1. Which of the residues belonging to segment A:387-407 are touching a Ser or Thr at 6+ places or on another chain (Cβ under 9 Å) and not aliphatic (A, V, I, L, M)?
2. In segment A:178-189, is there at least one residue being assigned by TED's automatic domain parsing to the domain that holds residue A:166 and over 23 Å from residue A:167 (Cα atoms)?
3. Could you list, in sequence order, all residues of segment A:231-261 that are more than 16 Å from the chain's Cα centre (by Cα), more than 15 Å from residue A:153 (Cα to Cα) and of a type outside the set (D, E, K, R)?
4. Please give the number of the condition residue A:355 fails out of (1) out of contact with any strand residue (DSSP E or B) (no Cβ under 6 Å at 6 or more places or on another chain); (2) open to solvent by 60 Å² or more (accessible area, probe 1.4 Å).
5. Take the residues in segment A:358-400 that are β-branched (Val, Ile, Thr) and over 24 Å from residue A:320 (Cα atoms); name whichever of them is surrounded by the most Cβ atoms within 10 Å (Cβ to Cβ).
6. Tell me which residues, restricted to segment A:317-329, are touching a helix residue (DSSP H, G or I) at 6+ places or on another chain (Cβ under 7 Å) and surrounded by 13 or more Cβ atoms within 10 Å (Cβ to Cβ).
7. Can you say whether residue B:87 is at pLDDT below 85, touching a Leu at 6+ places or on another chain (Cβ under 7 Å) and not hydroxyl-bearing (Ser, Thr, Tyr), as far as the supplied structure shows?
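The values are calculated or read from the model by the stated rules, or taken from the named source; none is laboratory data. Computed from a prediction, not measured in an experiment: that's the story for all the values here. Ideal geometry is used to build each Cβ from the backbone, glycine not excepted, and the neighbour counts take in all protein chains shown. Each accessible area value is taken on the protein alone, full model and side chains, heavy atoms only, with ligands, DNA and RNA left out. Shrake-Rupley method; radii C 1.70, N 1.55, O 1.52, S 1.80 Å.
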Amino acid sequence: MADGCTGSLDRRTDIPAAQPDAASILRAAGVPVIVADRNLTIRFITSQALTRPGITADLIGQSADSLTETLGTRGLDNEMREVMVGAGSRTRRTASGEDLRVAACHDTTGGVTGCILQFTGTGPVVPPGGDDAYSLLDDNETLLRDLLSNAPFAVGIHRGPEHTCIFANDEFRTWHPGVEPLGSTLAERCVLGENPGAHKLLDAAFQTGKAQIAQTTSYLETRPDGQTRRRYFSGVAEPYRTRSGAVAGVMAMTFEVTEQQMWRDRQELLVSELRHRVKNLLAIVQAVAAFSAYNASDKDDLLDRLQLRLEAIGRANLHLVAGSAMPRPLHDLVRQELDQLGPEIHDRVTLRGADAELEAATASTIVLALHELTNNAVKHGAFASEDGVVTIECGSGRGPNELSLVWSEHADHPLPETTEDGDGFGKLLLTELVPRELGAHASFSYRPDGIVYELRFPATMPAPT
Amino acid sequence: MTRRPRILVVEDEFLYAALLKRILSDAGFEVVGPHATVDAAIAEIAAANSGLDGATLDLSLAGGQTSGPVAQALWDRGIPFLFLTGDDSILDASAAPMSPRPVVLVKPVPVARVVREVQSMVTPPHV
């Protein structure tokens with residue numbers, strides 16, 4: 001197991017030759033494999049491979065020729081010879097419809113030691129601990145190297161109660177930079193206090209003789225450039241046995257699950273953020289409902305205003321939820337609010353001036369202001385009279401980073417002047433709340449032919465002060 | 001004739017801030033703020049003539065800020081405060097050292113309850 005910590009360790013040279021039980025190793029790796037030696041004598045069949053039709057332990061010691069008939073793969077023995085002389089790997093389809101990969105085994109110097117047939121389908125599920133069929137292999141080290149060296153997860157094979165490392169694949173070694181893991185005990189590789197999980201896991205596997213699955217653990221990695229990051233791991237410790245059945249050691253595999261963990265963390269953060277937003281939204285609804293009700297004299301009018309305002313809050317909130325992915329040109333926001341009044345309203349509106357892209361929070365606030373303007377025009381202003389029109393002028397304001405929006409209503413026969421816009425909330429919003437929120441200047445004036453509202457606001461939100 | 005109690009309001013959601021200002025004003029308090037940022041609130045507290053009698057604090061403010069430093073500044077001056085927040089999950093960390101623990105109201109909360117809690121906050125016990 002990649003023990004998850006680093007330390008200094010003198011390189012050992014007096015390590016006994018590695019002799020783990022290869023059957024246990026292949027079983028732990030869960031690979032359906034048949035292994036033949038250079039003479040094409042079948043030497044090894046994993047329990048996973050024994051589930052395939054016609055594959056039995058009786059094949060051990062026989063020539064691979066016999067597989068040709070069993071698997072329905074004519075010429076398989078010739079292909080095995082071809083891959084062993086360096087002709088790459090092959091894939092055959094067996095009679096039962098599963099793909100079979102044919103590849104050569106090499107030793108550390110690149111010499112060919114045999115041939116591996118690997119079933120690549122999912123196959124039947126085999127409970128762990130099944131019996132493999134094998135004969136003694138000439139060179140376990142070769143087999144391990146072929147199967148495990150380039151695995152995308154860390155594999156370490158450790159012997160005895162001290163978990164003395166007798167095999168470490170490349171990934172395992174990246175866990176112990178500058179340290180030779182072979183021959184080291186777990187205590188030497190990894191101080192107990194730094195990773196109690198690894199000690200517990202390997203001890204449990206060794207003592208009980210049963211496979212152990214690790215809890216997800218994490219550690220803070222310090223990279224050579226001094227940067228740190230937290231990495232998360234999960235793993236399996238599988239005991240292997242001597243031929244007499246005694247537990248000889250533990251094979252441990254460690255998988256990095258940092259991405260999955262980060263995904264989970266992100267989810268939790270999103271849920272918490274969502275909960276916060278929902279509660280804030282309810283608070284906003286509460287505020288708008290209260291303000292709508294304060295000066296209400298007519299229940300139907302209150303309900304009407306409140307529902308339209310809730311709808312506007314919904315549109316405004318979209319900008320906050322959508323984040324930076326959503327474009328927010330000012331002209332579109334104006335059109336969208338006018339759309340709420342029906343398509344024919346556009347005939348009575350002139351929208352002109354330079355368009356500008358707004359930041360999310362600004363857009364959200366502008367939507368609320370526009371809603372009060374359009375709704376007020378419907379109830380008391382230009383849209384309430386037969387011939388009223390509205391001009392909306394967008395511009396660049398007075399300063400370099402200022403935008404302006406001027407809403408002017410014109411009606412030849414304006415309604416009798418109403419100094420209050422029904423419940424007063426619209427005016428409060430337009431003249432006090434929105435300007436303060438945006439850091440803007442606002443003016444609201446009544447003229448003989450209608451109201452004029454001017455808002456000058458920063459092109460981007462001011463930094464919090 | 002006593003002056004109206006001065007209540008600092010820290011709240012970054014402008015519509016809710018307006019509601020708080022309205023209900024507290026209607027209930028006879030003088031509202032200071034509302035302030036939307038930690039810096040503005042702390043400047044207000046530090047102002048020599050602020051004479052605050054209490055405060056309501058939204059816990060999480062825009063830009064990832066929390067009103068923890070504001071609570072600390074109030075605590076240092078013995079000014080009572082309550083939390084009025086949509087995010088009570090981060091409260092434990094912020095309020096842990098405080099004793100007695102401040103009242104926590106989770107939005108949305110009836111406005112009458114807010115007024116009641118602010119009233120009992122600024123009313124000295126045994127009176």
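1. Matches in segment A:387-407: A:391, A:393, A:394, A:395, A:396, A:397, A:398, A:401, A:402, A:404, A:407.
2. no
3. Listed by number, the residues that qualify are A:239, A:240, A:242, A:244, A:245, A:246, A:247, A:248, A:249, A:250.
4. Here residue A:355 meets the rest and fails (1).
5. Going through the qualifying residues, I end up with A:390.
6. Selection gives A:317, A:319, A:320, A:328.
7. Judged against the criteria, residue B:87 is a match.
This table checks each residue for (1) within 14 Å of another protein chain (Cβ to nearest Cβ); (2) out of contact with any helix residue (DSSP H, G or I) (no Cβ under 8 Å at 6 or more places or on another chain); (3) small (Gly, Ala, Ser).
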residue	(1), (2), (3)
A:249	no, no, yes
A:255	no, yes, no
A:265	no, yes, no
A:274	yes, yes, no
A:281	yes, no, no
A:289	yes, no, yes
A:296	no, no, yes
A:308	no, no, no
A:315	no, no, no
